[in-house]
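The values are calculated or read from the model by the stated rules, or taken from the named source; none is laboratory data. Not measured: the values here are computed from a predicted model. Don't worry about glycine lacking a Cβ; one is built from the backbone with ideal geometry, like all the others, and counts go over all protein chains shown.
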Amino acid sequence: MKWETVIGLEIHAQLATKSKIFSGASTSYGVEPNTQACAIDLGMPGVLPVLNRDVVRMAVMFGLAIGAEIARRSVFARKNYFYPDLPKGYQISQYELPIVQKGQTAIDLEDGSSKVVGITRAHLEEDAGKSLHEDFQGQSGIDLNRAGTPLLEIVSEPDLRSAKEAVAYMKKLHQLVVYLGICDGNMQEGSFRCDANVSVRPKGDPKFGTRAEIKNLNSFRFVERAIEFEIERQIDLIESGGTVVQETRLYDPDKGETRSMRGKEEANDYRYFPDPDLLPLVLDEAFINAARTELPELPDAKKQRFMEQYGLSGYDASVLTVSRDLAGYYEATVAALGGEPKLCANWVMGDFSAFLNKDNRDIADSPVDSVRLAGLLRRIEDRTISGKIAKEVFEAMWAGEGDADAIIEKRSLRQITDTSAIEKVIDDVMAGNPDQLAQYRAGKDKLFGFFVGQVMKLSKGKANPQQVNELLMEKLKG
Amino acid sequence: MHDKTIAQISAGLAAGEFSSEELTRALLERVEQFNPQLNAFITITAGSALAQARAADRRRQQGEAVPLTGIPIAHKDIFCTDGIRTSCGSRMLDRFIAPYNATVVEKLNAAGTVMLGKTNMDEFAMGSSNETSFYGPVRNPWDLDAVPGGSSGGSAAAVAARLTPGATGTDTGGSIRQPAALCGITGLKPTYGRVSRWGMIAYASSLDQGGPMARTAEDCALLLGAMAGFDPRDSTCVDRAVPDYVAALNQPLAGLKIGLPKEYFGEGLDRQVAQAVEAAIAEYRKLGAEPVEISLPNSQLAIPAYYVVAPAECSSNLARFDGVRYGHRCENPKDLLDLYTRSRGEGFGAEVTRRILVGTFALSAGYYDAYYLKAQQIRRLISDDFRRAFEQVDVIMGPTSPTAAFNLGEKADDPITMYLSDIYTIAVNLAGLPGLSLPVGFAGQRPVGLQLIGNYFAEDRLLNVAHRYQQVTDWHERVPAGF
Amino acid sequence: MTPLGTAEVAKIAHLARLAIREEDAPAYASNLSAILELVEQMNAVDTTGVTPMAHPLDMAQRLRPDEISETNYRDYFQAIAPRTEAGLYLVPKVIE
């Protein structure tokens, strides 16, 4: 039987606010346990929540960016359950009336086509704390610093049909929230994570199969592997006569498998009801318009513009618009150089990105800014140095040795374009390699490369390669 | 000295007749003397009271006193008091030292009041007789065999027995007005949102409201003026100027339209209570007011709707008491479930348990629409009844409670009968309106209260209407024998 | 509806994480049944089309500026905690 996979993702993006969604405690990461849990976050008796304006602004920006409906009136509800990392015994979340409804985004598929993925809703909620399972005399430790951190939960339609599509969608949303500046996107710190609902059905069957929910996937790789494992598990199960049960599963990255979360499986009855401590969130046009004016150029639009304005391929435009910082750097380089967009693209995507990766640096603290990179490219363009020498210069620039001109001067890397000087080197090479010269003239054309190499070596790489070729060709003929 | 009202004390302090410290010592002595009988206080804060009194006296010397500076009061033990046990009448919080002040406490501290102690109450404000307190029942100073009403029974009894001239209370379904009525004092439940709920331990968030309890409407006006006002920490607190309640007290009542809901004078109303209420209405007629009969047709639905809304909210509000971060924790929990169920089972008394169970059930899958949603709709109908009534009348009047104080133990084992004693007060909370109870006579030796209900934010009008009555009557001056 | 029995009470009590002694269960069952019967008087009224009222005041949620206004009070808060260690609240082992 042919099987079709149906996947929907629930993505939790932590909103990049200074303070928590309902309290004035800091959201910064990695501090001493419970030092950022105020009376509200701890659920002390008598405390009350007040909603953070920026959380609302960020949710609206996201909604606008995915072409969604922004609810003029949305409601916070309480989701009631007991868990040690949930101090009040309920989580404040939006249930029946979420702030963002019915949006969509397009993802690029491997075959080059693109696919629209529906986004059912995005709602605001508070994060829980953390249970630490290191042994404290047989006890667990509870750290509530994260409790009350604002989350935007983004729920997709079950439109995804493979693990690869799921990853493409997750990457797309990751790019979007980071572009919007509403999430730092740091997956290791849990700022962007997802739950995947996975089911399979016989191809052509209009009914959905029973789904399993895989919780808390915090890397693109885990999403892909977990879903692939889960698809195979479900198909194997059904084909061997079993049935899939609706349940929550956890992905174990060490074993590369998903397993059932037993114990949490008792029927949950969350007893949602509108939180009486909070009033309906009412948004007027002014608020929404203000959020609209804060929208940056979005990734899809930017990519399109790069293709049109700079004549780049779709691939190059995608790579260069992967982040706002990279796109900005690229555009600044082109502007500083005053043209040559393809040359700039090659360098920004090539050596520049490679060095950033190697040093694990952000663009913001790159040792080579866009003006300096343009200074280097200008010397390629005016043939002061060759592309090959430029790599050496770039490396020196990266190491902090100064700008391109200074390095070229200091290291005497200026390209030799004087014909007589190049001819002199060629003469020396021919004189020094009589055997090869004889073989070449006897018809062993392949040796041409040898002579080029020798000339470049003797000129310390500075001879203009094009001239070397032309002159060699001439002289070797004899 | 102890028999003076807040207004009289304020004048006496201003005139230098006595100091706040002298007064505070005198009242603390009375508390020591009578509390064993009444059980009105859970915690007596003599040390900090004297320090506050001395600070108030210094402030007065520096010419910075306001009318409440140096006035001793008591706080219902539902208001968090920084560094002082805040028990909410529950074993759950028996050893809970609050780490911050409620806004109401903060505001009254800023005015220079002196806190004598924390008053007894029904556990988590759930009760109408003060018998559900972990610290035992409070007795009614008018008759030690009678209940003081609840849940603010300790505050009411302490004021009636002249242990304190004023106290704070909270009212979710009648918890200020009913004990005020049963103890013969004046108590005001403000409009929902008038007084901050920050630091007031929540029972039912959409109904709870703090307010003043004192002997006279004038004293309530003084206290409310300091308690009310916007608080950025409470999303449900209204950003609206606080009027000068004292200045409004003496407005004449000529032409005042009083609505008498026929539903409040029917079956179940004690004859002596009815007589006292009717006599009070006759007095209002003399003051120039015009009583007219009105109808609040959905009145009989208030108790059913309340016993869904309040338990539902409480089941969620009280989920935080789990033995993890503060409060009672059972001995040697064998696992997490055991920690939760035993800590909560041991920490909560029977009435709290009942309401948590009812609320949990009403919100559970499959029942939400039939109970919670239905109750919210009934709430709308009840609120609409009042809206229509206030198109015709300025205030609504009726009995606060169908009977005078009942005997201790009389209804303790029958929750339904107990619930019905709040039949006239509950609708006001569902609608979020202000309500006031003032003493208007006796049924035997037990006091009777008249309830005034006003339109939204008409606290000034209610206090004015009560004050004019108290200018021409002396029910509020009666002192229970032995006190 | 039919009165609640002790089994239903046990189920609700579990959802509410309340330990109820076996000997108290029948009394709670009868109390709860009586309260629900009282509550069901609501059914006497047709509320079709009536907008539910979640709140007494018809107001919208106020928004606060995104500012850090709280500082670290951990020691003060944990002074009233039943069990802590190394700044953490301790509970019996949480099983995932």
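Where helices (runs of 4 or more DSSP H) sit wholly within the stretch A:207-318, those with at least 2 residues that are within 30 Å of A:L109 (Cα to Cα) and touching a residue at least 24 places away in the same chain (Cβ under 8 Å) occupy A:220-239, A:299-310. The set of residues from the stretch C:7-23 being among the charged types (D, E, K, R), surrounded by fewer than 17 Cβ atoms within 10 Å (Cβ to Cβ) and within 19 Å of B:G347 (Cα to Cα) comprises C:R21, C:E22, C:E23. Listed by first and then second residue, the pairs linking a residue in the stretch B:256-273 that is of a type in the set (S, T, N, Q) to a residue that is part of a loop (DSSP other than H, G, I, E, B), with Cβ atoms under 8 Å apart and 6 or more places separating them unless they lie on different chains, are B:Q272/B:A404; B:Q272/B:G444.
With respect to being free of Cβ contacts under 8 Å to residues at least 24 places away in the same chain, within 25 Å of the chain's Cα centre (by Cα), more than 8 Å from chain B (Cβ to nearest Cβ) and assigned to a loop (DSSP other than H, G, I, E, B), C:A60 fits the description. Selection of first residues in the stretch B:373-391 that are more than 19 Å from B:Y264 (Cα to Cα) and aromatic (F, W, Y) and of second residues that are in a helix (DSSP H, G or I) and modelled with pLDDT under 95, restricted to Cβ pairs under 9 Å at least 6 apart or on distinct chains, gives an empty result. Looking at the structure I just gave you, is B:F457 aromatic (F, W, Y), outside any strand (DSSP E or B) and in contact (Cβ under 8 Å) with a residue 40 or more places away in the chain? Yes. The set of residues from the stretch A:158-190 being under 26 Å from A:K302 (Cα atoms) and assigned to a loop (DSSP other than H, G, I, E, B) comprises A:D159, A:G181, A:I182, A:C183, A:D184, A:G185, A:N186, A:M187.
Answer with yes or no whether B:V277 is under 23 Å from the mean Cα position of the chain (by Cα), at pLDDT 95 or above and either part of a loop (DSSP other than H, G, I, E, B) or more than 8 Å from every other protein chain (Cβ to nearest Cβ) (or both). Judged against the criteria, B:V277 is a match. Comparison of B:L249, B:L339, B:L253, B:L260 shows that the only residue that is farther than 19 Å from B:P434 by Cα and of a type outside the set (S, T, N, Q) is B:L339. In the stretch B:310-420, counting only helices (runs of 4 or more DSSP H) that sit wholly within it, the ones holding 1 or more residues that are within 12 Å of chain A (Cβ to nearest Cβ) span B:336-347, B:350-363, B:374-392. A single entry from A:I214, A:I238 fulfils the requirement of being surrounded by 18 or more Cβ atoms within 10 Å (Cβ to Cβ), touching a strand residue (DSSP E or B) at 6+ places or on another chain (Cβ under 6 Å) and either of a type in the set (V, I, T) or outside the structural domain of A:T17 (by TED's automatic domain parsing) (or both): A:I214.
Residue-by-condition table, conditions (1) at pLDDT 95 or above; (2) in contact with a strand residue (DSSP E or B) (Cβ under 8 Å, 6 or more places away or on another chain); (3) under 30 Å from B:D413 (Cα atoms); (4) assigned to a loop (DSSP other than H, G, I, E, B):
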residue	(1), (2), (3), (4)
B:G89	yes, yes, yes, yes
B:R95	yes, yes, yes, yes
B:P99	yes, no, no, yes
B:V104	yes, yes, no, no
B:K107	yes, no, no, no
B:K118	yes, yes, yes, no
B:S128	yes, no, yes, yes
B:E131	yes, no, yes, yes
B:G136	yes, no, yes, yes
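Restricting the stretch B:429-462 to residues that are at the interface with chain C (Cβ under 10 Å from one of its Cβ atoms) and of a type in the set (A, V, I, L, M), the residue that is surrounded by the most Cβ atoms within 10 Å (Cβ to Cβ) is B:L430. If you go through the stretch B:167-189 one residue at a time, do you hit one that is away from chain A (no Cβ under 14 Å), surrounded by 24 or more Cβ atoms within 10 Å (Cβ to Cβ) and over 23 Å from B:P399 (Cα atoms)? Checking the stretch B:167-189: not a single residue is away from chain A (no Cβ under 14 Å), surrounded by 24 or more Cβ atoms within 10 Å (Cβ to Cβ) and over 23 Å from B:P399 (Cα atoms).
Cβ-Cβ below 7 Å, separation at least six or inter-chain, first residue in the stretch B:56-72 and touching a residue at least 40 places away in the same chain (Cβ under 8 Å), second assigned to a loop (DSSP other than H, G, I, E, B) and among the polar types (S, T, N, Q): which pairs? Close Cβ pairs satisfying both conditions: B:A56/B:T69; B:R59/B:T69; B:R60/B:T69; B:L68/B:T113; B:I71/B:T113; B:P72/B:T164. The one condition from (1) within 30 Å of A:K2 (Cβ to Cβ); (2) at pLDDT below 95; (3) surrounded by fewer than 17 Cβ atoms within 10 Å (Cβ to Cβ); (4) not charged (D, E, K, R) that A:V244 does not meet is (3). Of the residues in the stretch A:139-171, how many are of a type outside the set (S, T, Y), within 14 Å of chain C (Cβ to nearest Cβ) and crowded, with 23+ Cβ neighbours inside 10 Å? Counting residues in the stretch A:139-171 that are of a type outside the set (S, T, Y), within 14 Å of chain C (Cβ to nearest Cβ) and crowded, with 23+ Cβ neighbours inside 10 Å gives 7.
The set of residues in the stretch C:84-96 that are part of a loop (DSSP other than H, G, I, E, B) and modelled with pLDDT of 95 or more contains only C:G87.
If the condition is being closer than 21 Å to B:I303 by Cβ and within 7 Å of chain B (Cβ to nearest Cβ), then the stretch C:13-39 contributes C:Y28, C:N31, C:L32, C:A34, C:I35, C:L38, C:V39. Here the condition is being touching a Gly at 6+ places or on another chain (Cβ under 7 Å), at pLDDT 95 or above and either more than 10 Å from chain C (Cβ to nearest Cβ) or outside any strand (DSSP E or B) (or both); of A:I21, A:I7, A:I11, it holds for A:I21 alone. For the stretch A:103-137, residues that are within 14 Å of chain C (Cβ to nearest Cβ), at negative phi and not in a strand (DSSP E or B) total 2. The number of residues in the stretch B:437-483 that are under 30 Å from B:L408 (Cβ atoms) and not hydroxyl-bearing (S, T, Y) comes to 28. Exactly one residue out of C:N72, C:N43, C:N31 is more than 30 Å from B:E346 (Cβ to Cβ) and part of a helix (DSSP H, G or I): that is C:N43. For the stretch A:326-407, the helices (runs of 4 or more DSSP H) that sit wholly inside it and include 2 or more residues that are within 19 Å of the chain's Cα centre (by Cα) and touching a residue at least 12 places away in the same chain (Cβ under 8 Å) are A:353-359.
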